[in-house]
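The values are calculated or read from the model by the stated rules, or taken from the named source; none is laboratory data. These numbers were taken from a predicted model, which means no experiment stands behind them. Please note: Cβ atoms are built from the backbone with ideal geometry, for glycine as well, and neighbour counts cover all protein chains shown.
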Amino acid sequence: MVRSLHGKAALTRKLFRDMHRSAMQFVAIVLLCALGTWVFSGLEGTWRMLELSSETYFAQTNLSDFWVSLPSATKADIDNLKNQEGVLDVQSRFSAEFDAPDLGEDVSLQVHAYQGEPRINVPMLREGEALRGEDLRGLLLDAEFARANQLTIGSDIKLRLNGLQTTFTVRGLVLSSEQVITAKDVMPDPAQYGYAIINKAALETMPINEVLVTLAAGADAGAVQAGVQALLPQALVITQQTHASTQRMRSEVVMFRNMTYVFPVLAFAVAAMIVLTTLTRMIENQRTQIGTLKALGYGPNRIRMHYVNYAFVPSLAGALLGQLVGHYTLPDMLYAMEVSHYIIPEKIRPPISYIEWGMTALMVLLSVFICLYAYRKAEREEAASLLRPKPPKAGSRVLLERWKALWGRLSFNTKMIVRGVARNKGRTAVAMVGLLCCNMLIICAMALQDSIEVSVADYYHGTVGYDLRADLDPNAGTLLSYQNRVDATRVEGVMEQRVSLRYGQESRAVVMTVLDDNQQLMRLGQDHTLAALPREGIAISLKLAEVTGLAAGDAVEIWLAGDDRALPFTIETVYPVRIGQTIYMSTAVWENLRKGAFTPTGLLLKEPTPLARHQLSEASEVTAFKNPKEQFALTLSVLDSTTAVFSLMYAAALGLAFVICYNMGLINFTERTRDYATLKVLGYHQKEIRGLMMWENNIVTLIGAGLGIAPGILLTHVVLVAVQSENNVFVPYVSLQTIALATAITAVFSVMIEWMLTRKVRGINMVEALKSVE
Amino acid sequence: MSYITFEQVSKVYGAGESAVRAADQVSFGIEQGELCVVLGPSGAGKTTVLNLLGGMDKATSGVIRVGDKTITDMRSPQLTDYRRLDVGFVFQFYNLMPNLTALENVELARQVSPRALEPADVLTQVGLEHRLDNFPAQLSGGEQQRVSIARALCKNPALLLCDEPTGALDSKTGAQVLELLTRVSREYHTTVVIITHNANVASLGNRVIRMRSGEVVENTVNEHPVKVGDIAW
């Protein structure tokens, strides 16, 4: 018993001393396992944190399932809605955008006037007190808006709608789950736009124009929606899927989730492969020691368990470290970037998921199996055979030698390197795969950023042909009146409204844009050419076609808000417009519908003079100006968190490349120390030996990085599908510049690491290295 | 003055109580063109002396001169040039590049030596003209050692240092290798130093240096070296 314990202690000491002696390789295994689980746990934790925090918020505040908008809902309408099968609760309110003239010219608030105390979309009180039912002058204000406009509890705020002006007093500062992103357009600007909640009784004359609906548990949302639309055909039903704020938040979660299963799995696979090579080499180097243990009478299980620890200890340490660091750091960093646009009251850290534990266990198991596989070869050999040093791998001719004309032209050193590379195929292949993956990930990270930028630029610099857009409120004049007085090369009008697009059993709330018949400021055709608007039917944007599956020739219905009659249309064409789920219609088609005159909600201006801008800014109906260049920058900044993940990927690629190149370089150097020592003895100078090493590395780098180009392009396509948002069509764009730059980064990185390794030549002790094998 | 001189050369590994004096105040001389056998049991300091002489290791104290060069004064790059131009090494376990053919292994030496001989000719001289394109793994131990000797000779060195050149060979093959080394010394007038623990080999040399525990215990000139065929194994 005592003897057995001594045996165990001796083997344990041997294990730790071996680890100390081969510290770099054990550290490499720890780092690789850590890197594999770090990225996975990090992204997995991020999407779970986003989902848990937002969904908890939605649940706590009883977020509505449907927002049913209609010009005026009667009590009967509301009762019918409440009695609809699958509906749990309804609450009615008046909802409209009010100006806040005292706070600035373009400052406005989306005001929700509830009938009764809010039960659905309950505002979350951050400061002050809740609104009492009888309080007709009280107002709950968007906390971010209040902060940006320096309003506090007790501040008065004047609100104006269609000439009607009322002053309210701020009773409380709140957050609203139906406005996790409060953006009028692309980016939130709390100084200009926010939301407020008041009692409906304060606006007695206003109609009920919105009914919030929550569904019973297990209700079929599609069926209920169809039922609601049958009941109130004139209503526009916005679901959580099409509600701008909720949809944007959820598509962030989906994007992170999709990315979790693309890059990390890749990083994981590469890490596992390098662990395989490293462990195989380490076990091979233990041959004679395995033989000695066998000769001493150690049983096969004891020896096997001893060597399993070579994999188990570092892989467990690394995988756990990666998982914990990944789970507790990355989500916080990425979450912080997310909540710079989205307002979520509480960050809730999800527990480590089963799949994270699973990936950690998989990494450890994989390492242990790799180790057992490497050990199996030695296990089969007799002790006597193991105690003999393994003969060096025989050299052989390479395929290139058959091409005598080329082989004959190569220098002696190049031939030697080519043979060396061919002789160590496995190690060279792993190094190449490492460089391949590195280049692939860098190309992908750079190309994804380019693709997003190019896709957004395609819209703002390509499709958009105007220099300035002025948003108009419902008091806007006729287009002709503006064309006559605004000093610009060209002035066009655009009329936008939210409509319900119904197709088959489905429906979706989308934006319908009516443009001048001969408009020239939206280049909707292929390659940003001008496309004639359909004379009879409608056209839709590429994204709308993608999300609905609709195509040219399909029949659809458009329901205008407040209209109880369907407008049947045929989709004439799909415009390759990369932003927005939009229906395009010509003024002629609109006027044929006899649903009112064409009243612009926006003016598109080409080359406006400063005077034109001044004229418009003086007009009371102009609510905002939009400059395509600024819109472009804003859109990109919203996508910052997405591109941050690409930067992370970039960093992971470089980290992976460093560990792989350094580890493989170290193995290569260690195994060839005798060769390098021989060269030293023969009189090769250090710089000549280093030159040979660098030259060999350059060949491997060139091939490895070159082989990474095609997978890099392919991966860009795959990932781009995963990160598509509800509003954008991202088209893969991999430029030659990106390929060249990524390959250069990979190459420089590899060369730098090799250069570090070649410094070891100085330290080769010829006497030690060339000692007879004992 | 001898072509090679060792004056009070010591090599100490480690420090303090764990210091090991591998060579202790070693002094001897070897004349140009001699075939010198350094003889001694394991741990006598033979290989240390050879490594110091070949510029593969640095002495802790003392002076080593080869011709007009003082090896102990040389810095690392000069030692590399010394090994490149003046010294050829032959090892017990050959140290051939496994991924180069016999011819290419010899060419390896020509790459760095300005007065190198034609590799194929040297391999013919050592009797391997029919094995030029074979890789080391395809050669016997004796053949590999002959490639190793050819690689050393290709540089046309003034000094050929052989560390147990027959240690890994059977007696017949060992005799062939020794025959080759004596021929090199005779025909090329190259100074050859052979390290061995085999006392029978000593009778081949013009000079025999016996070592024990890091010290030279005897340095004798052998006026009548025997032929390889006459030594008993």
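Do you know which residues across the stretch B:24-56 are farther than 23 Å from B:Asn206 by Cα, within 14 Å of another protein chain (Cβ to nearest Cβ) and modelled with pLDDT of 90 or more?
Step one: filter the stretch B:24-56 for residues farther than 23 Å from B:Asn206 by Cα, giving B:24-25, B:43, B:55-56.
Going one step further and asking which of them are within 14 Å of another protein chain (Cβ to nearest Cβ), we end up with B:43, B:55-56.
Correct list: B:Gly55 only.
Consider only pairs whose beta carbons are under 6 Å apart and that are at least six residues apart or on different chains; among these, list those whose first residue lies in the stretch B:97-111 and is more than 7 Å from every other protein chain (Cβ to nearest Cβ) and whose second residue is part of a helix (DSSP H, G or I) and basic (Lys, Arg).
Here the result reads B:Asn105/B:Arg151; B:Val106/B:Arg151, each pair linking the stretch B:97-111 to a residue that is part of a helix (DSSP H, G or I) and basic (Lys, Arg).
For the stretch B:1-51, please list each of the strands (runs of 3 or more DSSP E) lying entirely inside it that holds at least 2 residues being farther than 12 Å from B:Asn219 by Cβ and touching a Gly at 6+ places or on another chain (Cβ under 9 Å).
B:4-13, B:20-30
Give just the number: which of (1) farther than 22 Å from A:Tyr676 by Cα; (2) of a type outside the set (Val, Ile, Thr); (3) within 9 Å of chain A (Cβ to nearest Cβ) does B:Gly67 not satisfy?
Tallying (1) farther than 22 Å from A:Tyr676 by Cα; (2) of a type outside the set (Val, Ile, Thr); (3) within 9 Å of chain A (Cβ to nearest Cβ), B:Gly67 fails exactly one: (3).
Among B:Leu139, B:Leu160, B:Leu153, B:Leu169, which is the only one that is more than 14 Å from the chain's Cα centre (by Cα), within 14 Å of another protein chain (Cβ to nearest Cβ), farther than 21 Å from B:Gly229 by Cα and of a type outside the set (Phe, Trp, Tyr)?
From the options B:Leu139, B:Leu160, B:Leu153, B:Leu169, the qualifying one is B:Leu139.
If you check B:His189 against the conditions, is it more than 12 Å from chain A (Cβ to nearest Cβ), within 17 Å of the chain's Cα centre (by Cα) and surrounded by fewer than 23 Cβ atoms within 10 Å (Cβ to Cβ)?
yes
Out of curiosity, is A:Glu688 acidic (Asp, Glu) and either free of Cβ contacts under 8 Å to residues at least 40 places away in the same chain or within 14 Å of chain B (Cβ to nearest Cβ) (or both)?
For A:Glu688, the condition - acidic (Asp, Glu) and either free of Cβ contacts under 8 Å to residues at least 40 places away in the same chain or within 14 Å of chain B (Cβ to nearest Cβ) (or both) - is met.
Identify all residues within the stretch A:442-468 that are within 17 Å of A:Ser647 (Cβ to Cβ) and either under 15 Å from the mean Cα position of the chain (by Cα) or surrounded by fewer than 24 Cβ atoms within 10 Å (Cβ to Cβ) (or both); write none if there are none.
A:Cys444, A:Ala445, A:Met446, A:Ala447, A:Leu448, A:Gln449, A:Asp450, A:Ser451, A:Ile452, A:Glu453
When the residues of the stretch A:718-774 are filtered to those that are more than 14 Å from chain B (Cβ to nearest Cβ) and among the hydroxyl-bearing types (Ser, Thr, Tyr), which remaining residue is surrounded by the fewest Cβ atoms within 10 Å (Cβ to Cβ)?
For the stretch A:718-774, the residue satisfying everything is A:Ser735.
If a residue has to be touching a strand residue (DSSP E or B) at 6+ places or on another chain (Cβ under 9 Å) and part of a loop (DSSP other than H, G, I, E, B) to count, how many in the stretch A:619-671 make the cut?
Of the residues in the stretch A:619-671, 4 are touching a strand residue (DSSP E or B) at 6+ places or on another chain (Cβ under 9 Å) and part of a loop (DSSP other than H, G, I, E, B).
In the set A:Glu379, A:Glu401, which member is within 14 Å of chain B (Cβ to nearest Cβ) and part of a helix (DSSP H, G or I)?
Only one candidate passes the filter, namely A:Glu401.
Looking at the stretch B:105-160 only, could you name the residues that are touching a strand residue (DSSP E or B) at 6+ places or on another chain (Cβ under 9 Å) and among the polar types (S, T, N, Q)?
Across the stretch B:105-160, the qualifying residues are B:Gln145, B:Ser148, B:Asn156.
Identify the single condition in (1) assigned to a loop (DSSP other than H, G, I, E, B); (2) at pLDDT 90 or above; (3) more than 21 Å from B:Gln32 (Cβ to Cβ) that B:Ala150 does not satisfy, given that it satisfies every other one.
Among (1) assigned to a loop (DSSP other than H, G, I, E, B); (2) at pLDDT 90 or above; (3) more than 21 Å from B:Gln32 (Cβ to Cβ), the lone unmet condition for B:Ala150 is (1).
Yes/no per residue for (1) part of a loop (DSSP other than H, G, I, E, B); (2) within 30 Å of A:Val364 (Cβ to Cβ); (3) outside the structural domain of A:Ser155 (by TED's automatic domain parsing); (4) in contact (Cβ under 8 Å) with a residue 24 or more places away in the chain:
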| site | (1), (2), (3), (4) |
| --- | --- |
| A:Glu44 | no, yes, yes, yes |
| A:Met49 | no, yes, yes, yes |
| A:Leu52 | no, yes, yes, yes |
| A:Ala73 | yes, no, no, yes |
| A:Asp77 | no, no, no, yes |
| A:Glu85 | yes, no, no, yes |
| A:Arg93 | no, no, no, yes |
| A:Asp106 | yes, no, no, yes |
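Inspect the stretch A:288-302 for any residue being part of a helix (DSSP H, G or I), within 20 Å of the chain's Cα centre (by Cα), under 30 Å from A:Arg21 (Cβ atoms) and assigned by TED's automatic domain parsing to the domain that holds A:Val39 and give the result as yes or no.
No, the stretch A:288-302 contains no residue that is part of a helix (DSSP H, G or I), within 20 Å of the chain's Cα centre (by Cα), under 30 Å from A:Arg21 (Cβ atoms) and assigned by TED's automatic domain parsing to the domain that holds A:Val39.
Among the residues of the stretch A:488-503, are any in a loop (DSSP other than H, G, I, E, B) and assigned by TED's automatic domain parsing to the domain that holds A:Ile583?
no
With the checklist (1) among the polar types (S, T, N, Q); (2) over 30 Å from A:Val39 (Cβ atoms); (3) surrounded by fewer than 16 Cβ atoms within 10 Å (Cβ to Cβ) in hand, flag the one item A:Thr670 doesn't pass.
The failed condition is (2).
Read through the list (1) assigned to a loop (DSSP other than H, G, I, E, B); (2) within 14 Å of chain A (Cβ to nearest Cβ); (3) closer than 30 Å to B:Leu123 by Cβ, then give the number of the only condition that B:Ala59 fails.
So the condition that B:Ala59 fails would be (3).
Find all pairs meeting these conditions: Cβ atoms under 7 angstrom apart; at least six residues apart or on different chains; first residue within the stretch B:121-137 and under 15 Å from B:Thr101 (Cα atoms); second residue part of a loop (DSSP other than H, G, I, E, B) and of a type in the set (Ser, Thr, Tyr).
Short answer, once both residue conditions are applied: B:Leu132/B:Thr101; B:Asp133/B:Thr101; B:Asn134/B:Thr101; B:Phe135/A:Ser396; B:Phe135/B:Thr101.
Residue by residue through the stretch A:66-125, note down the ones that are basic (Lys, Arg) and buried (at least 22 other Cβ atoms within 10 Å of the Cβ).
A:Arg93
For (1) part of a helix (DSSP H, G or I); (2) assigned by TED's automatic domain parsing to the domain that holds A:Gly36; (3) among the charged types (D, E, K, R), each residue gets a yes or a no:
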| site | (1), (2), (3) |
| --- | --- |
| A:Ala217 | no, no, no |
| A:Val224 | yes, no, no |
| A:Met259 | yes, yes, no |
| A:Pro264 | yes, yes, no |
| A:Arg304 | yes, yes, yes |
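Out of the residues in the stretch B:112-127 meeting the condition of being surrounded by fewer than 22 Cβ atoms within 10 Å (Cβ to Cβ) and not in a helix (DSSP H, G or I), tell me which one is farthest from the other protein chains (Cβ to nearest Cβ).
B:Gly127
Any residue that is among the aliphatic types (A, V, I, L, M), buried (at least 18 other Cβ atoms within 10 Å of the Cβ) and not in a helix (DSSP H, G or I) - is there at least one of those in the stretch A:604-612?
Yes, there is a match, as at least one residue in the stretch A:604-612 is among the aliphatic types (A, V, I, L, M), buried (at least 18 other Cβ atoms within 10 Å of the Cβ) and not in a helix (DSSP H, G or I).
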